[in-house]
Structures are given as structure tokens and as C-alpha cells.
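Before any comments, here is the structure.
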Amino acid sequence: ARGEGAVDDVKAAHRLWAALGESVPDPLLVVEPDGKIAYANGPAERFFASPLVGKPLIAATHQRGLADLIAAAREGGTPRSADLRLRVGQDRLASVRATILPKKLGAAAVLVLSDRTELQHLRTVRT
């Protein structure tokens, strides 16, 4: 029964992601260490225009850059941020932050995306 506490912690983390994730206006994904998406808030599902939960990150989003950012955060042991050009129906520019949760919470990665496409377009038009 030693692992039961860890399972309970992970279940509690899933409930917390759902509660917090829906209060975040930006796309938010929680990705398990095996690469599968454990949680996606409504804005994430709309951004990628498809159901995401339960699918491998790269297969669901077709964005290798997201997986690379998670790998960098895991390797460095600190959150990582990057501006990524994502192909989601059209080219979109997103600022992405990857944070790795503690092992006690399943060591999942949290990705938060901020769509900068319109801002970049306005900057281009002004110059």
C-alpha cells in the first residue's frame, strides 16, 4: 500500500489542474512524463482545434517544439520559455512556458501558451 499515497497525490493533482486550468484564459496543457496529455483546458482545445487529452503531445498538436521545450525544462530543472511559431490551421506565434511539477505530483509538465499572433501582426503593420 506504499504506492497508494502517490496515486492519491496524482489524483489530487488532476483535480487541481481541472480547477485551476479552467480559470486560466490562455491555453494550458498538462503533459505526463510519458508524453501523453493528461489535461487540456478549453482554450487549449480551441487553440489546437481538436480533443487532446489521452493523446501523445506530438501526435495531438503536431508541434515538436513543445516537446523540445519540456525536455529542456526537465534537463535544466527550471521552467523554460520560448517564442514558437506553431502551425495550427495557420501560422501562429505563441510564447510558451514549460514548468515541471514535483515528482510527488506526478512530475508532469505544465505548458501555458500565450497567442502573440495578433500582436505580431500589429507590430508588422505599424513598421
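All of the numbers you see were taken from the coordinates with simple rules; none came from a lab. What you see is a predicted model; the values in this text were computed from it and never measured.
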Check your understanding: Working out 0.36 nm times the residue gap between Asp34 and Glu118, then minus their Cα-Cα distance, what length gain in nm do you get to one decimal?
Key -> 26.9 nm
Point to revise | Gain on full stretching of the segment that runs from Asp83 to Asp8 - 0.36 nm per residue minus C-alpha separation | key: 23.5 nm
Revision key, fill the gap. With 0.36 nm assigned to each residue of separation and the Cα-Cα distance removed, Ser95 to Ala49 gains 14.7 nm
Practice item. Compute from the Cα atoms of region 25-64 the Rg and the Dmax, the latter being the longest Cα-Cα distance, and quote both in angstrom. Key: 9.0, 26
